[in-house]
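The values are calculated or read from the model by the stated rules, or taken from the named source; none is laboratory data. The structure presented is a predicted model; accordingly, all values stated were derived computationally and were not measured. We place every Cβ from the backbone using ideal geometry, glycine too, and count neighbours over all the protein chains shown. Heads up: the accessible areas ignore ligands, DNA and RNA and are worked out on the full protein's heavy atoms, side chains in. Shrake-Rupley method; radii C 1.70, N 1.55, O 1.52, S 1.80 Å.
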Amino acid sequence: MATFYQCISKSGEVLFNNLPIELTEEIKRQSRSQKIIPITLNNQITDCRIGERISSHGSIYTLTDDKRLVNRFKFFKEVLDQSLIILENLNTCRQSLIEEQSSKIDELIHNIVSLNTYSIQSLYALIPQKDLPENINPQKDFIKKIILEKPNVTVDTLLKLIKNNLAMKIEFSVYERINNPRIRLNRINYSVRMIILSIMQIFSDDFDKKNIEISLDASPISERRIDIDDDALFVSLFYLFENSLKYCCNNTKYVIFFSEDTDTFSVSFKMISVKINEDEIDKLLEYGYRSNNVKQLNIEGKGIGMFRIVKTLEANNAILKITPRCSTYTKDVGGTIYEANTFTIIFKDQKQWLLKK
């Protein structure tokens, strides 16, 4: 004896179905019958009941040869009514899964699109597409000429493309590892400063265009090595630099410095960036949040960057601390207020760093 269901959402999508395929149409035709109906199941003709229930969540069809339900119509109706709960739960579960997977995909696409954009910009700066001939052979000659005339720029562009493609590879790897609990993160003894230098090579030209001077701490403490997953930290820092580039004020300084405590190691990024209101410090770390101060800049964004920083930092047992107005400096640019803000990554439980030079 068995009971079969087919659950269909209000948009017509099948949420669950274990009905025998050959009986699907027959069941729908007789779903409103209140009679016992002979149905062929497992090559045997069996007395069954068929029912249907419809709600705002969709519809659910039921087929059963369970004698308790077949012989007691009132009991069968009660089971049909209860089946609507199944439909509601399936709809809720499905929607939650869609939203969760969509947010994960958005996070991945956000970074990959950015990296691809930087690659295209670098390539087009070297080889203007408007000047590129249509036919393949003239194209080759045109590119050869550029390489011969601009060897240093060509080398710089190729290096940047290599870095960007490596960053894409790392992004895919970290995305898979963070979202798959069966894959263990790979922690090694590594220099945070070295990862920062790698990221700076990707963004250096863009910071130069905004005339933002980057100052990287070169004190002995900056050379400390700590236990981290370097790929995950690479992604965290990429998002931090990308957000900095978007929201920092032109013609300012961007200072990166290191500090230590009993069992923590920190790297801070001090910048002149869009004003952060006191009531939005925590909101900035939420998925999809964009402040009104940022929106008035008309810069495209989905409010994913800061959330992604925090999420990937978790892989390194690290947190992000935001300190707005770390000095009294303020600047009004076309109605947008810029202030001195500091973003600090704090690596926790680094008690052994003293032993690692």
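Treat each spin label as a single point 7 Å out from the Cα along the C-beta direction, and report the residue 140 to residue 281 distance in nm.
The modelled label-to-label distance comes out at 6.2 nm.
Students often forget the sequence filter, so: which aspartates and glutamates lie under 19 Å Cα-Cα from residue 35 once same-chain residues fewer than 8 apart are removed?
25, 26, 47, 52, 65, 66, 78, 81
Which percentage, to the nearest 5, of the DSSP beta bridges contained in region 156-272 is antiparallel? Kindly include the intermediate steps, with their values, before the conclusion.
On the way: 11 of 15 bridges.
Beta bridges within region 156-272, antiparallel portion: roughly 75 percent.
For 48, 326, 93, what's the largest-to-smallest order of accessible area, 1.4 Å probe?
Largest accessible area first, the list is 93, 326, 48.
So, with +1 on the Cβ of K and R and -1 on the Cβ of D and E, and no other charges, what is the size of the charge dipole of region 259-305 about its Cα centre, to the nearest 20 debye? The partial results should precede the final answer.
Numbers: 6 positive and 9 negative charges, 90 e Å.
With only Lys, Arg, Asp and Glu charged at Cβ, the dipole is about 440 debye.
Which of 274, 294, 333 moves most in a GNM of the chain, Cα contacts under 10 Å?
Residue with maximal mean-square fluctuation among 274, 294, 333: 333.
Per residue of the chain, what 222 nm ellipticity follows from adding -39500 (n - 2.57) for every DSSP H run with n ≥ 4, rounded to the nearest 500? Kindly include the intermediate steps, with their values, before the conclusion.
Values: 9 runs with 155 residues, N = 357.
Result for the chain, helices only: -14500 deg cm²/dmol.
What FRET efficiency comes out for residue 147 versus residue 262 if R0 is 41 angstrom and r is the Cβ-Cβ distance? Round to the nearest 0.05. Don't skip to the end; give the middle numbers.
Working: r = 54 Å, r/R0 = 1.32.
Once the sixth-power term is evaluated, E becomes 0.15.
According to the square roots a ≥ b ≥ c of the eigenvalues of the Cα gyration tensor, what is the shape class of region 295-346, taking rounded for a/c under 1.5, prolate for a/b larger than b/c otherwise, and oblate for the remainder? Write down the numbers at each step before the final one.
Working: a/c = 5.78, a/b = 1.48, b/c = 3.91.
Judged from the Cα gyration tensor, region 295-346 comes out oblate (a/c at least 1.5, b/c at or above a/b).
DSSP beta bridges in the chain, what fraction antiparallel, as a percent rounded to 5? Write out the running numbers ahead of the final one.
Working: 54 of 58 bridges.
The antiparallel fraction comes to roughly 95 percent.
Please work out whether the chain counts as rounded, prolate or oblate from its C-alpha gyration tensor, where a ≥ b ≥ c are the square roots of the eigenvalues and a/c under 1.5 means rounded, while otherwise a/b larger than b/c means prolate and anything else oblate?
Note, shape of the chain comes out prolate.
Take each of the peptides 4-10, 38-44, average the number of other beta-carbon atoms within 10 Å over its residues, and list them starting from the highest.
4-10, 38-44
Counting only protein heavy atoms, what percent of the accessible surface of the chain is carbon or sulfur at a 1.4 Å probe?
Its accessible area is 52 percent carbon and sulfur atoms.
If you line up the long axis of helix 136-149 against the longest principal axis of the chain, both from Cα atoms, how many degrees apart are they, to the nearest 10?
30
Can you grab the distance from the C-alpha centre of region 115-173 to the C-alpha centre of region 83-99, Å, no decimals?
Their Cα centres are 48 Å away from one another.
So with the 1.4 Å probe, I'd like the accessible area per residue for region 181-244, rounded to whole Å². Could the numbers behind the result be given before it?
On the way: 2950 Å² over 64 residues.
Solvent-accessible surface per residue comes out at 46 Å².
Hey, if you put +1 on the Cβ of every Lys and Arg and -1 on every Asp and Glu Cβ in the chain, which of 328, 40, 257 ends up farthest toward the positive end of that dipole?
Ranked along the dipole, the leading option is 40.
Could you pull out the pairs from 10/67; 160/311; 130/246; 209/331; 169/253; 163/210 whose alpha carbons sit more than 24 Å apart here?
Working: 10/67 31 Å; 160/311 27 Å; 130/246 27 Å; 209/331 19 Å; 169/253 31 Å; 163/210 21 Å.
Beyond 24 Å between Cα atoms: 10/67; 160/311; 130/246; 169/253.
State to the nearest 20 debye the size of the charge dipole of the chain about its Cα centre, where the only charges are +1 on K and R beta carbons and -1 on D and E beta carbons.
Values: 48 positive and 46 negative charges, 67 e Å.
Here the chain has a charge dipole of around 320 debye.
Give the accessible surface of region 1-153 per residue, rounded to a whole number of Å², with probe radius 1.4 Å and ligands, DNA and RNA excluded.
Numbers: 9810 Å² over 153 residues.
Roughly 64 Å² per residue, with all protein chains present.
On C-alpha positions alone, give me the angle between the axis of helix 230-247 and the longest principal axis of the chain, in degrees, nearest 10.
The helix 230-247 is inclined about 70 degrees to the chain.
Cut-off 10 angstrom, C-alpha nodes, Gaussian network model of the chain. Which of 331, 150, 270 fluctuates the most?
Sorting by GNM fluctuation, first place goes to 150.
For the chain, take the longest principal axis of its alpha carbons; what is the angle in degrees between that and the long axis of helix 192-209, to the nearest 10 within 0 to 90?
For 192-209 against the chain, the angle is about 80 degrees.
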